[in-house]
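Asker: I'd like to ask some things about the structure below.
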Amino acid sequence: MRPPASAGNLALSPDAVFGGDAIAAFSERDFTTVRQLIADYAGIKLSAQKRNMVYNRLLRRLRAHGLHDFGQYLQLVTNDVRGEREAFVNALTTNLTAFFREPHHFDLLAALAQDRAAKRGAPLRCWSSACSTGEEPWSIAMVLREAGCPGDVLGTDIDTDVLDTAQAAVYRMERTSGLPPERLRRHFLRGTGANEGLVSVRPELRAMVRFGQLNLQSPVWPAQERFDVIFCRNVVIYFDREFQKKLLQRLADLLVPGGLLMVGHSESFPAAHPGFRSCGRTAYERLGG
Ligand SMILES: C[S@@+](CC[C@H](N)C(=O)[O-])C[C@H]1O[C@@H](n2cnc3c(N)ncnc32)[C@H](O)[C@@H]1O
């Protein structure tokens with residue numbers, strides 16, 4: 001018989017049938033621990049409404065370890081047994097993205113790239129700082145290539161699973177359905193035979209982009225290179241104000257004067273910083289120099 005959906009502070013998901021019979025109980029205490037751990041590791045603040053989502057995502061991790069108990073699972077995470085901390089973070093990130101998402105940013109980038117190309121200036125250095133499965137950095141590279149502007153694009157994310165996809169640079173055709181045919185032809189190779197329905201990013205574009213893991217919350221970032229453009233989109237919504245403020249200062253320090261910072265559609269955190277001026281919808285120019 002199924003236990004009731006909630007017993008005291010022991011909340012049980014209604015679809016919590018585990019292996020056909022056992023139920024993995026997810027207590028309020030477990031949820032509190034999850035919230036604390038993901039805030040510590042990634043700076044991600046999970047709201048109380050995310051409880052079911054968390055339950056469903058982590059249940060897969062319990063299954064992978066043959067566990068029936070969240071408490072035991074969270075011990076594995078805390079002690080980082082068999083790299084479970086990374087898998088825990090990967091399970092809890094939200095990775096929604098698309099090619100040319102928020103297209104106004106790519107118009108600004110194109111203008112900058114055309115200008116740089118006309119002046120035969122140095123390669124345009126761009127950073128996609130929460131790049132998810134790669135659509136954002138590949139879109140940046142497409143714009144630079146179309147403008148005939150040499151470029152160096154860095155894509156980073158905390159989630160190693162999405163980085164694998166980004167680096168493989170192979171996508172289902174549906175993912176590229178919003179791209180004009182000319183753009184698709186120019187930057188992708190179409191799969192045939194066993195790869196029917198897939199597209200692969202062309203080598204010319206691959207040569208412009210590199211990927212690496214980076215947790216925006218880490219106190220030390222490996223590279224201290226400076227960028228002309230930073231995309232930091234749809235990630236700070238998961239962070240608290242204090243972290244957003246610190247992050248913004250670090251991004252400001254890494255942008256060259258005149259460089260651009262692009263943020264997500266519901267993010268306006270650079271607006272109050274004296275080192276930036278708004279230069280378009282959710283786009284900010286680094287002042288100074
Ligand atoms: C919603 S996606 C946004 C992807 C892309 N920037 C866009 O706007 O389409 C958010 C990404 O932020 C990443 N992320 C979350 N916390 C992070 C952290 N502390 N450091 C780096 N990346 C993080 C997630 O793994 C996820 O891939």
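What follows is calculated from the coordinates using simple rules that are stated; it is not laboratory data. If you're wondering where the values come from, they're calculated on a predicted model, not measured in any experiment. So basically every Cβ, Gly included, is an ideal-geometry build from the backbone, and we count neighbours across all protein chains shown.
Asker: Taking the 0 to 90 degree range and rounding to the nearest ten, how far is the long axis of helix 104-118 tilted relative to the main principal axis of the chain, both from C-alpha atoms?
Answerer: So the helix axis and the longest Cα principal axis differ by about 40 degrees.
Asker: Is segment 51-116 rounded, prolate or oblate when judged by the Cα gyration tensor, a ≥ b ≥ c being the square roots of its eigenvalues, rounded requiring a/c under 1.5 and prolate requiring a/b larger than b/c?
Answerer: Prolate.
Asker: Rounding to the nearest 20 debye, state how big the charge dipole of the chain is about its Cα centre with +1 on each Lys and Arg Cβ and -1 on each Asp and Glu Cβ.
Answerer: Computed about the Cα centre, the dipole is about 460 debye.
Asker: I'd like the orientation of helix 51-64 relative to the chain: the angle between its Cα long axis and the longest Cα principal axis, in ° from 0 to 90, rounded to 10.
Answerer: Result, in degrees: 80.
Asker: Amide H of L124: which non-local residues (sequence gap of 5 or more, or other chain) have their own amide H closer than 5 Å, using H built in the peptide plane?
Answerer: Those qualifying (amide H under 5 Å, at least 5 residues apart or on another chain) are G151, D152.
Asker: Need the C-alpha centroid separation for segment 181-241 versus segment 114-170, integer Å.
Answerer: After rounding, the separation between the Cα centres reads 5 Å.
Asker: May I pose another question? Would you work out if segment 168-289 is rounded, prolate or oblate? Take a ≥ b ≥ c from the square roots of the eigenvalues of the alpha-carbon gyration tensor; rounded if a/c is under 1.5, else prolate when a/b is larger than b/c, oblate otherwise. Write down the numbers at each step before the final one.
Answerer: Numbers: a/c = 2.21, a/b = 2.07, b/c = 1.07.
Prolate is the answer for segment 168-289, as a/c is 1.5 or above and a/b outweighs b/c.
Asker: Determine which lysines satisfy two conditions relative to K45: a Cα distance under 17 Å, and not lying fewer than 8 residues away in the same chain.
Answerer: Those lysines meeting the cut-off are K245, K246.
Asker: What is the helix-to-structure angle for 28-42, meaning the angle in degrees between its Cα long axis and the longest Cα principal axis of the chain, kept from 0 to 90 and rounded to the nearest 10?
Answerer: That works out to roughly 20 degrees.
Asker: Based on DSSP H runs of at least 4 residues, each adding -39500 (n - 2.57), what is the mean residue ellipticity at 222 nm of the chain after dividing by all its residues, to the nearest 500 deg cm²/dmol? Working shown, then result.
Answerer: Values: 10 runs with 109 residues, N = 289.
Here the helix-only value at 222 nm equals -11500 deg cm²/dmol.
Asker: Let me ask something additional. Given contacts defined as C-alpha pairs under 8 Å and at least six residues apart, what's the relative contact order of the chain, whole-number percent?
Answerer: Reported as a whole number, the value is 14 percent.
Asker: Rank-order 69-77, 241-249, 138-146 by packing density, defined as the average count of other C-beta atoms within 10 Å over each peptide's residues, highest first. Kindly include the intermediate steps, with their values, before the conclusion.
Answerer: Numbers: 69-77: 17.8, 241-249: 15.0, 138-146: 24.2.
Peptide ranking by packing, descending: 138-146, 69-77, 241-249.
Asker: Now, a different point. Mind listing the phi-derived Karplus ³J(HN,Hα) values for segment 177-184, rounded to whole Hz, using 6.51, -1.76 and 1.60 with θ = phi - 60°, and x for any glycine or proline?
Answerer: 5, x, 7, x, x, 5, 5, 4
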